[in-house]
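Below: the structure, in structure tokens.
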């Protein structure tokens, strides 16, 4: 049982608006399909990360939360770029100023955080408090809380996946996985190689979130039932610890994804990816392949770009 080659398993990415971001240890590239069908490719070195600045934090069970913060920052930056591609090249979309965009992004993030706290912490507590009158103990009620959190998560993902725009993002998510799988399994980055691959991948954020929810069931089960105004902050404070542990599990399982134990640990997350990915079209795979090819060229020896740039790398498929 051999791990994936580091040069391959350290590549990753995410779906963005009409495109895909791919990253390696030192670079990232974003490929987006313009409204007219052309692909725009943007690449640049990754700025100094938290762990890059503070090497002493790069230790198991410490590095996970900081890597997640870095990944979140890069993800937001990539989503902003992909939205600008659509705004700047679609005559039907009215451009807005950068301050307005930043306010909108900040408001959306705060609103999403508030909704997340209510759905995953407050609502399950309210729904299970009545079980105390039926004689249920705190451990049993906390276990039910955890089950409700998972059910709410799966229901939420399933419902938003019915929206046409989100479905397209989920297709690009599938394209991203197929391209990465092609690199890891065949050592090739092409539409043909990616087309042969599964749209599921063990190092996916979906697997990460689900495993966090599963581990939190067992951690939170034995914390009693303090009032909700204490319960929510206590759970939030423990999430970074659970997330760091989950990161190490996902990292090792991704390296040894052919092993039996890894398959067992990753199975729930892989099943959930049937909700968060869709089978992509060749046009969408082409975008993912363009991003991965570019970041691989940069990581494996091509000269780093002096500054950020946009390059047209393909004509519309079928043109």
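In terms of the mean number of neighbouring beta-carbon atoms within 10 Å, the peptides 203-216, 162-175 order highest first as 203-216, 162-175. When each of 82, 43, 108 is scored by the number of other beta-carbon atoms lying within 10 Å, the sequence from fewest to most is 108, 43, 82. Shown for 157, 46: other C-beta atoms within 10 Å of each C-beta, ranked fewest to most, produce the order 46, 157. Distance from the C-alpha centroid of region 52-74 to that of region 136-173: 27 Å, rounded to the whole angstrom.
Please rank 283, 36, fewest neighbouring Cβ atoms within 10 Å first, as an exposure proxy. Walk me through the numbers on the way to the answer.
Working: 283 17, 36 9.
The order, fewest Cβ neighbours first, is 36, 283.
Each value in this text was obtained by applying a stated rule to the coordinates, not by laboratory testing. Here the structure is a predicted model, which means the values were calculated and not measured. Cβ coordinates were reconstructed from backbone atoms using ideal geometry, including for glycine residues, and neighbour counts include every protein chain displayed.
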